[in-house]
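First up is the structure itself, then whatever we jot down about it.
No lab work stands behind these numbers, since they all come straight from the coordinates. Not measured: the values here are computed from a predicted model. Note that each Cβ is placed from the backbone with ideal geometry, even for glycine, and that neighbours are counted across all protein chains shown.
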C-alpha cells in the first residue's frame with residue numbers, strides 16, 4: 001500500500017488506483033455459476049417456447065408455409081407486399097436445399113425473442129411514458145444495452161445458462177429490447193393531451209384511458225418499435241450462433257471458419273430476405289387499414305375477400 | 001330569463017394557484033394579503049383563479065366571458081375537478097365535488113356532467129358513434145342501450161347518417177356537433193362548454209349557436225358556457241360573468257352588464273355591443289308626470305304610438321319612424337311613461353340616464 005501511495009502522480013492518477021471492478025465482476029460470475037440450478041426452471045420454460053415454435057414452423061410443409069406467409073402479408077400490408085413476400089421467400093427456398101429449414105429455425109428464434117421483448121418492453125415503455133422519473137432511470141440502462149458489445153455479456157450469459165437457444169434468445173433480447181421501450185414511451189407521450197383530458201372528463205378511469213385511448217393512439221409508434229426490435233433481433237443472429245444457436249446465422253459462422261464464400265452468401269442472403277419480409281409485414285401493420293383505403297382491417301386482405309365472397313353467395 | 005331558485009352549481013371563494021409552492025403562496029395570500037405580482041416574484045407561482053364565487057340555477061345558462069389567460073378555462077375545469085382548487089369549494093347539487101372519492105367522481109363525470117371542448121378533443125381512432133357513446137361505455141352500459149342513446153344524441157345535432165364515420169372525415173363544424181352530441185348523450189344535468197364555438201368560422205359559429213340555443217331551450221340543462229366573445233355571451237347567456245386576470249369582475253344579466261358596466265374594463269368591452277335588443281323601453285322612459293311637468297300637459301295621448309315597458313329599442317325605433325310624436329309606454333292601457341326621440345337616440349348609444 002505504501003509503495004502505491006508513493007507512485008501516485010497527479011498527472012496520471014488513474015494508474016495507481018485499482019478498485020478491482022473486473023475482479024468483483026468475476027466474483028458475481030462465480031456466484032452465478034455456483035447457483036445455476038435456480039434458473040433451470042426458467043431455462044426450461046424458455047427452451048420449450050423456442051423449441052415449440054421451431055418444431056411448429058418446421059412441421060408445416062414449405063409450400064403451405066409460403067402460402068400462409070403470403071396470406072399474412074396480404075392481410076397485414078396489402079397485395080403488393082404479399083407479392084413481394086411470395087417472391088422473396090421463394091428465392092430464399094431455392095438458395096440451397098437446406099435454406100428453408102434453417103430460415104424457419106432462425107424465424108423461431110426471432111419470434112421468441114420479439115414475443116418476449118414485447119411482453120417485457122410494452123409495460124416498461126408505458127411506465128416510462130407515464131413517469132419522467134422512471135424514464136430518466138431507464139434511459140442509461142437502455143443506452144448501455146444498445147451500445148455494450150455483445151461479446152461482453154455473451155460470456156456471463158453462457159456461464160449462467162449454458163450454450164444453446166435460450167442464451168441466444170436472452171442475448172438477442174438485451175440488444176433488441178431498447179427501441180421497443182423507447183418508442184412505446186414516445187408513443188404514449190405523443191398522445192394528444194386534450195383527448196386524454198376529454199376521456200377523463202367523461203369519467204374514464206386511468207386503466208380505461210390507457211387501454212381505450214392511449215394505447216390505441218400510440219399503436220403505430222409502438223409497431224414501429226416492434227419493427228425495430230425485429231430488425232435488431234435478426235442482426236444478432238450471427239452473434240447468437242457463436243453460442244450454438246442453429247439457423248442461418250450458424251451457416252454464416254461456419255462458412256467464415258472455412259472461408260467458404262458461397263455458403264456465407266447463402267446464409268447472409270437468407271438473413272437479408274427474412275429481414276425484408278418481416279420488415280414489410282410489420283410496417284404494413286403499423287399503417288392503419290384506413291390509410292390503405294378500407295375502413296376496418298377485416299374489410300381488406302384475404303379476410304375481406306372471403307367475407308365479400310360469402311356475402312355475394314347469400 | 002330570471003335565474004331559477006334551485007342552485008345547481010355553487011362555487012364558493014375558489015382559488016387556484018399554479019406552481020410548485022402553491023400552498024405556501026396561498027397561505028401568504030390569505031394571511032398577508034399578497035397580490036398577484038408579489039406571489040409571482042416571491043413564490044414563482046401564478047394565480048389562475050382568484051376568489052371566484054358564483055352560482056348557476058337549474059336550467060340556467062351562465063356565461064363566463066374573458067380574454068385568453070383570464071382563467072376562465074381553469075375555472076370551468078374545477079366543476080368536474082379536472083383541476084383541483086388550491087382553496088375554496090365547489091358544490092354540484094349540494095354535493096362537494098372535492099370531497100368525492102375517485103370512483104364517485106368518475107360516476108359524476110360520466111353521468112351528471114357533459115363537457116364540450118374548444119379543440120373538440122374527439123378520439124380519432126373511434127367512429128362518431130363510439131365517440132358519442134364513450135361516457136356510457138366507460139360506465140359499462142350495454143352496447144345496445146348506449147348505442148340507442150348515442151344515436152338519439154347524434155339525431156339531436158342533425159348528424160344522422162354520419163355515425164359510422166371517423167372524426168377526420170368530418171368538417172370542423174360537424175366535429176364540434178359530435179362534441180356536443182357526446183356531451184348530451186348520457187343525458188347529464190350539467191353542461192360545461194369550454195369555448196365550444198371559438199375555433200369555427202363565423203357563419204358556422206352562428207349556426208351552431210342557434211343549434212345550441214334551440215337544444216338548450218328544449219333540454220333545459222344547467223350550462224356553464226365559456227367564451228371570449230361578448231356578443232356570443234349576450235346571445236346565449238341568461239347571466240354573464242366577466243372575468244379578468246383570474247377575478248370575476250362583474251356578474252349580471254346581459255342588460256345589467258351592458259347598461260351598467262362596473263368598471264372601465266367592462267365598459268370597454270360593452271362599448272362595441274349593439275344595445276338595440278338589450279335595453280327595454282322601461283329603462284329609458286320618462287314618467288308621464290315628469291314629462292308633463294317639463295312640457296305641459298298632453299291631450300292627444302291616444303294618437304301617439306304605444307309600447308310596453310318590455311319592448312326593446314329595436315321595437316321603439318320601428319314605432320317611432322312613422323310619426324312625429326313621442327312614444328307612450330303603457331301597462332294594461334294605463335300610460336306610465338314617455339320615450340322621446342332624444343331618449344331613444346341616447347338609449348341606442350347605451351345611455352339610459354334621462355338628461356332632457
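Key figures for this structure:
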quantity: Burial ordering of B:223, B:55, fewest other beta-carbon atoms within 10 Å first; calculated: B:55, B:223
quantity: Relative contact order [Cα under 8 Å, 6+ residues apart], chain B, whole percent; calculated: 17
quantity: Sum of -39500 (n - 2.57) over DSSP H runs of 4+, divided by residues of chain A (222 nm, nearest 500); calculated: -26000 deg cm²/dmol
quantity: Calculated [θ] (222 nm, deg cm²/dmol) that DSSP helices of n ≥ 4 give over chain B, each run adding -39,500 (n - 2.57); calculated: -11000 deg cm²/dmol
quantity: For A:106, B:74, order by how many other beta-carbon atoms lie within 10 Å, fewest first; calculated: B:74, A:106
quantity: Degrees between helix A:40-59 axis and first principal axis of chain A (Cα, 0 to 90, nearest 10); calculated: 40
quantity: Cα centroid separation, the stretch B:1-52 to the stretch B:259-320 (Å); calculated: 40
quantity: Distance in nm between pseudo-label sites at residue A:16 and residue B:210 (7 Å out along the Cβ direction from Cα); calculated: 9.1
quantity: Ranked list, fewest to most other Cβ atoms within 10 Å of each Cβ, for A:313, B:72; calculated: A:313, B:72
quantity: Between 0 and 90°, nearest 10: helix B:172-185 axis offset from chain B longest Cα axis; calculated: 80
quantity: Inter-chain Cβ neighbour average for residues B:117-127, partner chain, 10 Å; calculated: 5
quantity: 0 to 90° range, to nearest 10: angle between helix B:22-32 axis and chain B longest Cα axis; calculated: 40
